[in-house]
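Chemist: The structure follows.
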């Protein structure tokens, strides 16, 4: 019964995939020299260009990417992958919630519930601190699979001649 309940919760829980999506896009951007359009990057993220632009805006403000308008415009990395950490990307995305565990109520009357809340809050804070510390240690170049050439993409898609990622 417990297993079925967990699977059900996993299916219905909304997950914030922006960090994973953006890391995927940034690594693809590192493989090409020319700018990639919002349309091309949005396709690789499975979203629309407006959502991509909103997501990338924080990365641009943080100086990790730059964008150009018009013919020949698009998104490019503004610094090498070895100068961008997971923590920097996480912060540029306005620090999305890391854990979806919450308390039943904020101000319970029950002493047991208060004890449960305090214990969970402490554990979650410790876990978040450890995770963010680790994010600060990992640079994006460490995420790039070995052996990929400038035009190879190891995700079932290929970098197309039109400077786009298809798949």
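The values are calculated or read from the model by the stated rules, or taken from the named source; none is laboratory data. Everything numeric here is computed off the predicted structure, so don't read it as measured data. Note: ideal-geometry Cβ built from the backbone for every residue, glycine included; neighbour counts use all protein chains shown.
Chemist: Return only the number of the condition from (1) loosely packed, with under 13 Cβ neighbours inside 10 Å; (2) in a helix (DSSP H, G or I); (3) in contact with a helix residue (DSSP H, G or I) (Cβ under 9 Å, 6 or more places away or on another chain) that residue 106 does not satisfy.
Modeler: In the conditions (1) loosely packed, with under 13 Cβ neighbours inside 10 Å; (2) in a helix (DSSP H, G or I); (3) in contact with a helix residue (DSSP H, G or I) (Cβ under 9 Å, 6 or more places away or on another chain), residue 106 misses (2) alone.
Chemist: Give 100, 92 a once-over and let me know the one that is under 14 Å from the mean Cα position of the chain (by Cα) and within 23 Å of residue 138 (Cβ to Cβ).
Modeler: Residue meeting the stated conditions: 92.
Chemist: At pLDDT 90 or above, over 20 Å from residue 133 (Cα atoms) and in a helix (DSSP H, G or I) - does that describe any residue in the stretch 90-99? Before you say what the answer is, go through the steps one by one.
Modeler: Taking the stretch 90-99 as the starting set, the residues that turn out to be at pLDDT 90 or above are 90-95.
Subset that is over 20 Å from residue 133 (Cα atoms): none.
Within the stretch 90-99, not a single residue is at pLDDT 90 or above, over 20 Å from residue 133 (Cα atoms) and in a helix (DSSP H, G or I).
Chemist: Report, by residue number, each residue of the stretch 40-89 that is assigned to a loop (DSSP other than H, G, I, E, B), surrounded by 15 or more Cβ atoms within 10 Å (Cβ to Cβ) and within 17 Å of the chain's Cα centre (by Cα).
Modeler: Residues satisfying the conditions are 47, 62, 64, 84.
Chemist: Could you check residue 112 against (1) at pLDDT below 95; (2) more than 24 Å from residue 47 (Cα to Cα); (3) in contact with a helix residue (DSSP H, G or I) (Cβ under 9 Å, 6 or more places away or on another chain); (4) exposed (fewer than 12 other Cβ atoms within 10 Å of the Cβ) and say which number it fails?
Modeler: Only one criterion is unmet by residue 112, namely (3).
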